[in-house]
Structures are given as structure tokens and as C-alpha cells.
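Peer 1: Okay, handing you the structure first.
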Amino acid sequence: MSEFLLFALSWLIRLFLWPWRFIKRNSYFNSSQKVKEILLIYMAEGLGDCIMLSGALPAIRARFSDAKISLLIFSRFEEYFKGNSSIDRLIVYPDYLYAREGLFKFILFSRHINRQCKPDVVLDLLANKNIKPAVLSLFIKSRITIGFGHLLKNIFYDVYVRINWDKHFFEVIFDALETLDISRRAPEYWIPHIVPESDIAEIKHSTNKTIIISPGGKNNLLCLGKQDLWSFDEYPELVKSLVEAGYKIVLVGAEYDKDIVWDNINNDNVVNLIGKTSLNQIFNLVKNKADLVVCNNSGLLHVAVACGKPTVSYAGPLENIVRFGPYPNQGQHRVLQPSRDRRISCQDFLALIEERFN
């Protein structure tokens, strides 16, 4: 179905539902009834997106201090949000079901949600084109639903917010929150409870400057074999150069990052923790061990931002850094991005790293 037909269909359905939506919307905003419970839907695919959301949660909590706040997320991010004082209840949905079973199974999950909570307000805070959360919101019993509109998505919300693709992801979240009179504020990123030092005892104390490097990220797999690489493909050479320059290197990443060839960098000043760390341990490493973080535009970049550590990162040629880059960036986060006329080399990385330490 063409985009024009989708657009026309969305408007036909919207006109049909308009009287009901109008009454429901005005009933909510004109009501003096107190908001007792809020459900946030956030079906984000990446850790960086979740960290961005965490920065806005204190603003929601401050505005609705007496309300119960529930958060629906993928099961793989439960570890990150656990213990967050801005959230009263975590509702998790299995990642594999979302990908494998499709929309119908996700809609059926609304029965579980309706048993868990009875929200006055449902907020879908992920500004993208995915229609599944929008459809799900229709089956959750609430006084009002708010989300980001895009073509057919618009018809499922009582109030929809236009997606501004030219603003940073964190700023866009507040476009939706402002509908509930939540004022914009600087991010207050959530850092999980730091695990005991003994859990990362493999990192011995060193007088050398420590650089944490992650060579991967989920998009690495998606872009495998393509010309416009999402990942810098000379990380082994970069690590070797940094070791020769006297830095201590800690390698981190997921299991699939083990496929990168590291045979030429076996050295006492290289600690390989790829596939060996939990999420809390990653935060511990960055917070307590790193002098600098070097990575792609991946979850680790936003971990470093949350922990206040400087970064040098690589962004693929097609990535929108204005929208998905480090935030805020007050000069301590340097991004290298190739263009049609210029590739990024190890020397580019080395120059920025040396600049950071001099």
C-alpha cells in the first residue's frame, strides 16, 4: 500500500473516530480528577534510547509525585531500570515474542497489562514509525492516550504529537511530556546500583590512562557486508597503537563482538572483557575505571554520557548525530563521521585521544 493511500486511510478513520476522541480528550483536560496512575510504553531497541528516557523520568515523577508510574519495556532492559526510584512498577515483554509473534500476540499482552495496572494516562514516548505500541494503547483501559503520530499511528491516540526529526531524541521526549504540563529540564540519567568492586577485580590498578573500547553494537550485525559501515573497522589496529603509546585498554561488548580479530593485540595492558560483563558491571567500569571511552554510536556512548566520562566515538556516514548523538555535548564528546569525500582513519582517532589527554 502506497504512502498516499495510508495517509488517506488514516484521515478517513480519524474523521470517523473524531467525535469520540474529541469528547474523551476534552473530558480529560477539563477534569479536576487527580491522576492516580500513569503507564509509560517504551519499546526501544537500544540501551542508548533507554538511557535517554531515564533522563526524563525525574521530570515525570516531579510532576506526578503522588501517582503510581508503570513502565512497559523489553525484557532485556529490566536490569537497567530495576531500582529506579522514578518507576513504581516495571512491566516487561519478551523480546523474541515481539519480533517473532507479531502484532496479534502483542495486543493480547494488553490483558496482562490491564490486570497489572489501571492507568489514567498512557504515554507512548518512543518517537518512531512503529505502529505496534500505538495499536496496543487502544486496548489498555485508560482515560487518555498520548503518543507520537505518524500516518496510521495518529488514529490510535487521543492526543498525538508530531515527530520532529531535526531535534535530539531527548528533546523530542519533552514534546510529548509538555501535553501534561511537564516543563523541559536538563537530563538526570539513571545509573544502576554499582556492583561490588570485586566483580571487576580483573582490572588491576594502573597508573596508565585507561581507555574503555567497545568495537560493536547491534547495528554492526545489521550493516554486516554493506559499504556504509556503521562500525569503525580498524579497531584492532587502533588498540595496538594505543597500547604502544602506553595506554591501558579494556575491551567490552556483546558475545557477537568476539568475532572481531584481536589476535595481534595480546598484551598485559589489554583486558578483554567482551561477552563477560553484565550491564551493571559496564556502568561500574565506565564510572570507576575509565579516563576515556572510545566506541561507536552505541549504548556504551550513552553510558559514558550518563557517567560524565569523555568520549571519542565513530558514527556511520548515514547516522543522524543531531538526533542520536551524545546529549548534552559540552565539548567533552567528540564524534568522527566519514563523508563521501573523507574516510576516518586510526590517525583521526589517535589525534582526538591525544588532544583529550594533553
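Peer 1: Suppose R0 equals 51 Å. What FRET efficiency, 1/(1 + (r/R0)^6) with r the Cβ-Cβ distance, do GLN330 and PHE104 give to the nearest 0.05?
Peer 2: Between GLN330 and PHE104 the formula returns 0.65.
Peer 1: Residue by residue through segment 164-169, what is 3J(HN,Hα) from phi via Karplus (6.51 cos²θ - 1.76 cosθ + 1.60, θ = phi - 60°)? Round to whole Hz and write x for glycine and proline.
Peer 2: For segment 164-169, the Karplus-derived couplings read 9, 6, 9, 10, 5, 3 Hz, x marking Gly and Pro.
Peer 1: Return the sequence-ordered ³J(HN,Hα) values of segment 293-299 in whole Hz as given by the Karplus equation 6.51 cos²θ - 1.76 cosθ + 1.60 applied to θ = phi - 60°, using x for Gly and Pro.
Peer 2: 10, 10, 6, 7, 7, 10, x
Peer 1: Sticking with this one: Amide H of ASN296: which non-local residues (sequence gap of 5 or more, or other chain) have their own amide H closer than 5 Å, using H built in the peptide plane?
Peer 2: Result for ASN296 returns SER214, GLY216, TYR314.
Peer 1: Put a dot 7 Å past each Cα toward the Cβ at GLU188 and LYS34; how far apart are the dots in nm?
Peer 2: Taking the simple label geometry, LYS34 and GLU188 are separated by 2.1 nm.
Peer 1: Taking R0 as 35 Å, what's the FRET efficiency between GLU79 and GLN347 from their Cβ-Cβ distance, rounded to 0.05? All intermediate terms of the calculation are to be shown ahead of the outcome.
Peer 2: On the way: r = 38 Å, r/R0 = 1.08.
About 0.40, to the nearest 0.05.
Peer 1: Can I ask one more? Short version: ³J(HN,Hα) in whole Hz for each residue of segment 94-111, in order, from phi by Karplus 6.51 cos²θ - 1.76 cosθ + 1.60 (θ = phi - 60°), x for Gly and Pro, what are they?
Peer 2: Couplings: x, 4, 5, 5, 4, 7, 8, 8, x, 5, 4, 4, 5, 5, 4, 5, 4, 5 Hz.
Peer 1: Which order do the peptides 177-190, 291-304, 151-164 take when ranked by the mean count of other beta-carbon atoms within 10 Å per residue, highest first? Intermediate results must be reported in sequence, preceding the final value.
Peer 2: Working: 177-190: 15.3, 291-304: 25.0, 151-164: 19.4.
In decreasing order of mean packing, 177-190, 291-304, 151-164 become 291-304, 151-164, 177-190.
Peer 1: So which trypsin sites (Lys or Arg not before Pro) in segment 299-357 are both in a DSSP loop and have at most 15 other Cβ atoms within 10 Å of their Cβ?
Peer 2: For trypsin sites (Lys or Arg not before Pro) across segment 299-357 that sit outside H, G, I, E and B with at most 15 neighbouring Cβ atoms in 10 Å, the list reads ARG340, ARG343.
Peer 1: Scan around LYS276 for amide H atoms under 5 Å from its own, H built in the peptide plane at 1.01 Å from N, and keep only partners 5 or more places away or cross-chain.
Peer 2: Answer set, sorted by chain and number: GLY253.
A short reminder: the numbers here are calculations on the coordinates, not readings from a lab. Everything numeric in this text was worked out from a predicted model, so none of it was measured. So basically every Cβ, Gly included, is an ideal-geometry build from the backbone, and we count neighbours across all protein chains shown.
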